[in-house]
1. For the stretch 144-190, enumerate the residues that are of a type in the set (Gly, Ala, Ser) and away from the ligand (no atom under 14 Å from the Cβ).
2. Here is a list of conditions, (1) assigned to a helix (DSSP H, G or I); (2) within 22 Å of Asn20 (Cβ to Cβ); (3) within 12 Å of the ligand (Cβ to nearest atom), and His121 meets all of them except one; can you say which number that is?
3. Quick one: count up the residues across the stretch 84-97 that are in contact (Cβ under 8 Å) with a residue 60 or more places away in the chain and closer than 15 Å to Glu141 by Cβ.
4. So Asp76 passes all but one of these: (1) open to solvent by 70 Å² or more (accessible area, probe 1.4 Å); (2) within 22 Å of Asn140 (Cβ to Cβ); (3) at pLDDT 95 or above. Which condition number does it fail?
5. Being modelled with pLDDT of 95 or more, out of contact with any Phe, Trp or Tyr (no Cβ under 7 Å at 6 or more places or on another chain) and open to solvent by 40 Å² or more (accessible area, probe 1.4 Å) narrows it down to one residue among Lys98, Lys64; which is it?
6. Could you figure out which of (1) part of a helix (DSSP H, G or I); (2) within 12 Å of the ligand (Cβ to nearest atom) isn't true of Gly133?
7. Residues that are within 16 Å of the ligand (Cβ to nearest atom) and in contact with a Leu (Cβ under 9 Å, 6 or more places away or on another chain): list the strands (runs of 3 or more DSSP E) wholly contained in the stretch 1-99 that include at least 3 such residues.
8. Regarding Asn37, is this residue open to solvent by 40 Å² or more (accessible area, probe 1.4 Å), modelled with pLDDT of 95 or more, farther than 26 Å from Gly111 by Cα and not β-branched (Val, Ile, Thr)?
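The values are calculated or read from the model by the stated rules, or taken from the named source; none is laboratory data. Only a predicted model underlies this, so the values are computations on that prediction, with no experimental measurement involved. Heads up, the Cβs are rebuilt from the backbone with ideal geometry, glycines too, and the neighbour counts pull from every protein chain shown. To get the accessible areas, we keep the full protein, side chains included, count just its heavy atoms, and leave off ligands, DNA and RNA. Shrake-Rupley method; radii C 1.70, N 1.55, O 1.52, S 1.80 Å.
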Amino acid sequence: MKRIVILASGTGSNAENIINYFNNSNLARVTYVLSNNKDAKVLDKANRLNISNLSFKKDDFSTKKTVLNLLKKEADIVILAGFLWKIPANILESFPNKIINIHPALLPKYGGKGMYGSHVHKAVVANKEAETGITIHYVNENYDEGAIIFQAKTSVDPSDTPDEVAAKIHVLEQNNFPQVIESVLLKMEK
Ligand code: GRF
């Protein structure tokens, strides 16, 4: 049974979806939810879904090995679901091609530092893009630059507001992220 640890900074709709998806799986389970934001709603969701969880501070993540040691103990794969911090080198080295992120745009467009959540959707609308989508990719030392695993697209209507674009992205994420994680885990089994 593969162990999934989720890192998230915000609401947690992806984390909840992934937890529920693997609840009845023979392949994997979500063992922990970790957040760099002690007030993140994702922690409330983890409590409600009876998933171990905790929040951590910057030095627990970058200087001390608190998070690294917990991941080594609890994770076979690390999922970033709305996690806003860069992953430090010691964690990247300990989990080669085992850290996956979801980004709410068609990378390499609308990626990088500061490009998250509504900032992305506002930019997509401002640039009158005809389509947008999601990108699921491996994580490396740079924001949103790791090898792409999966992308899915949705059209953007000229009248769409950033919130309407966000809603379309949410549907793509809910319908694809757990399945892509599952396909990566199945490849890891081989
Ligand atoms: C998602 O849109 C994801 O693509 C992005 O951050 C958002 C997190 O949403 N990286 P939630 O916290 O999972 O609801």
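1. Step one: filter the stretch 144-190 for residues of a type in the set (Gly, Ala, Ser), giving 146-147, 152, 155, 159, 166-167, 183.
Hits for the stretch 144-190 are Ala147, Ser155, Ser159, Ser183.
2. (2)
3. First, pick out the residues of the stretch 84-97 that are in contact (Cβ under 8 Å) with a residue 60 or more places away in the chain: 84-85.
Filter once more, keeping what is closer than 15 Å to Glu141 by Cβ: 85.
Residues meeting the conditions: 1.
4. Going through the list (1) open to solvent by 70 Å² or more (accessible area, probe 1.4 Å); (2) within 22 Å of Asn140 (Cβ to Cβ); (3) at pLDDT 95 or above, Asp76 breaks only (1).
5. Values: Lys64 fails: modelled with pLDDT of 95 or more.
Going through Lys98, Lys64 in turn, the sole match is Lys98.
6. The single condition Gly133 does not satisfy is (1).
7. On the way: elements: 2-7, 28-35, 52-55, 77-80.
Those strands (runs of 3 or more DSSP E) span 2-7, 28-35, 77-80.
8. On the way: open to solvent by 40 Å² or more (accessible area, probe 1.4 Å): yes; modelled with pLDDT of 95 or more: yes; farther than 26 Å from Gly111 by Cα: no; not β-branched (Val, Ile, Thr): yes.
In short, no.
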